[in-house]
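*Asks:* Provided herewith is a single structure, encoded as structure tokens, for subsequent inquiry.
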């Protein structure tokens with residue numbers, strides 16, 4: 001009888017460990033990118049606080065020369081002021097909301113809505129390329145194009161002509177923000 005009890009316990013224990021492992025695997029699969037609204041000018045502070053909690057974050061920034069009375073200095077400002085992105089399981093949102101500088105996770109009726117992975121990856125690639133980019137007013141004006149050559153190959157955005165040059169406008173639709181970069185018209189294909 002005792003051997004049966006130990007065997008039954010071991011069986012239950014093994015099943016429990018397997019369910020925990022399966023639960024962790026499914027939670028890893030459930031991770032998505034979400035837009036986090038932060039307090040004004042607290043993007044970097046919220047980013048650091050989330051990193052201390054081992055949350056994967058992405059805070060796109062741009063280098064700007066700031067001028068004071070006596071000097072000029074290069075500073076990094078958020079590309080999308082008031083927002084940063086986190087990769088998380090939606091079930092972990094309560095811990096995230098208890099982070100300094102975080103106001104809310106963008107969503108619909110209290111349910112977080114994920115940001116398109118393609119929009120996140122395109123923004124990451126743009127920043128890594130070293131191309132000169134700048135914020136652009138959110139708009140759905142312009143023809144949709146796909147970049148067919150160059151460091152942004154595969155990126156989908158809209159094309160706009162400004163001051164005689166063509167600019168590719170890449171948008172993060174959930175936060176209604178855009179960024180633009182100059183492109184050669186030969187490097188894009190109209191969709």
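The values are calculated or read from the model by the stated rules, or taken from the named source; none is laboratory data. Everything numeric here is computed off the predicted structure, so don't read it as measured data. So basically every Cβ, Gly included, is an ideal-geometry build from the backbone, and we count neighbours across all protein chains shown.
*Asks:* Just to be sure, is residue 92 in the same structural domain as residue 37 (by TED's automatic domain parsing), loosely packed, with under 15 Cβ neighbours inside 10 Å and either in contact with a helix residue (DSSP H, G or I) (Cβ under 9 Å, 6 or more places away or on another chain) or not in a helix (DSSP H, G or I) (or both)? Before you say what the answer is, go through the steps one by one.
*Replies:* Numbers: in the same structural domain as residue 37 (by TED's automatic domain parsing): yes; loosely packed, with under 15 Cβ neighbours inside 10 Å: no; either in contact with a helix residue (DSSP H, G or I) (Cβ under 9 Å, 6 or more places away or on another chain) or not in a helix (DSSP H, G or I) (or both): yes.
So residue 92 does not fit the description; no.
*Asks:* Just one of the numbered conditions (1) closer than 30 Å to residue 39 by Cβ; (2) touching a helix residue (DSSP H, G or I) at 6+ places or on another chain (Cβ under 9 Å); (3) part of a loop (DSSP other than H, G, I, E, B) is not true of residue 152; which one?
*Replies:* Looking at each condition in turn, residue 152 falls short on (1).
*Asks:* If you don't mind, another one. Out of the range 104-123, which residues are surrounded by 15 or more Cβ atoms within 10 Å (Cβ to Cβ), under 13 Å from the mean Cα position of the chain (by Cα) and outside any helix (DSSP H, G or I)? Please lay out each step first, then the result.
*Replies:* Filtering the range 104-123 for residues surrounded by 15 or more Cβ atoms within 10 Å (Cβ to Cβ) gives 105-107, 112, 114-115, 119-120, 122-123.
Right, trim to under 13 Å from the mean Cα position of the chain (by Cα) and you get 105-106, 114-115, 119-120, 122-123.
105, 106, 114, 115 - these are the residues of the range 104-123 that are surrounded by 15 or more Cβ atoms within 10 Å (Cβ to Cβ), under 13 Å from the mean Cα position of the chain (by Cα) and outside any helix (DSSP H, G or I).
*Asks:* Could you go through the range 124-136 and let me know if any residue there is over 14 Å from residue 181 (Cβ atoms), surrounded by 14 or more Cβ atoms within 10 Å (Cβ to Cβ) and touching a residue at least 40 places away in the same chain (Cβ under 8 Å). Talk me through it step by step, then tell me what you get.
*Replies:* From the range 124-136, those over 14 Å from residue 181 (Cβ atoms) are none; that's our starting set.
No, the range 124-136 contains no residue that is over 14 Å from residue 181 (Cβ atoms), surrounded by 14 or more Cβ atoms within 10 Å (Cβ to Cβ) and touching a residue at least 40 places away in the same chain (Cβ under 8 Å).
*Asks:* Condition check: within 16 Å of residue 95 (Cβ to Cβ), modelled with pLDDT of 95 or more and not in a strand (DSSP E or B). Does residue 46 satisfy that? Working first, answer last.
*Replies:* Numbers: within 16 Å of residue 95 (Cβ to Cβ): yes; modelled with pLDDT of 95 or more: yes; not in a strand (DSSP E or B): yes.
Yes, satisfied.
*Asks:* Return the total of residues in the range 167-177 being within 18 Å of the chain's Cα centre (by Cα) and under 16 Å from residue 190 (Cα atoms). Please lay out each step first, then the result.
*Replies:* Within the range 167-177, the subset within 18 Å of the chain's Cα centre (by Cα) is 169-177.
Those left that are additionally under 16 Å from residue 190 (Cα atoms): 169-170.
Of the residues in that region, 2 qualify.
*Asks:* Taking the range 162-191 on its own, how many of its residues are in a strand (DSSP E or B), touching a helix residue (DSSP H, G or I) at 6+ places or on another chain (Cβ under 9 Å) and over 16 Å from residue 132 (Cβ atoms)?
*Replies:* 2
*Asks:* Let me ask something additional. Say whether the condition of being modelled with pLDDT of 95 or more, touching a strand residue (DSSP E or B) at 6+ places or on another chain (Cβ under 7 Å), assigned to a loop (DSSP other than H, G, I, E, B) and within 29 Å of residue 188 (Cβ to Cβ) is met by at least one residue in the range 61-71.
*Replies:* No; the residues of the range 61-71 include none that is modelled with pLDDT of 95 or more, touching a strand residue (DSSP E or B) at 6+ places or on another chain (Cβ under 7 Å), assigned to a loop (DSSP other than H, G, I, E, B) and within 29 Å of residue 188 (Cβ to Cβ).
*Asks:* Take the conditions closer than 24 Å to residue 121 by Cα and over 15 Å from the mean Cα position of the chain (by Cα) and apply them to residue 69. Does it pass?
*Replies:* Working: closer than 24 Å to residue 121 by Cα: no; over 15 Å from the mean Cα position of the chain (by Cα): yes.
Considered against the rule, which asks whether it is closer than 24 Å to residue 121 by Cα and over 15 Å from the mean Cα position of the chain (by Cα), residue 69 comes out as no.
*Asks:* Shifting gears a bit: Yes or no: residue 148 surrounded by fewer than 17 Cβ atoms within 10 Å (Cβ to Cβ) and out of contact with any strand residue (DSSP E or B) (no Cβ under 6 Å at 6 or more places or on another chain)?
*Replies:* Working: surrounded by fewer than 17 Cβ atoms within 10 Å (Cβ to Cβ): yes; out of contact with any strand residue (DSSP E or B) (no Cβ under 6 Å at 6 or more places or on another chain): no.
So residue 148 fails the test.
*Asks:* Give me a count of the residues in the range 151-166 that are over 22 Å from the mean Cα position of the chain (by Cα) and surrounded by 11 or more Cβ atoms within 10 Å (Cβ to Cβ). It would help to see each step written out before you state the result.
*Replies:* As a first pass, look at the range 151-166 and keep what is over 22 Å from the mean Cα position of the chain (by Cα): 159-166.
Add one more test, that the residue is surrounded by 11 or more Cβ atoms within 10 Å (Cβ to Cβ), and what stays is 159-160, 162, 165-166.
The total comes to 5.
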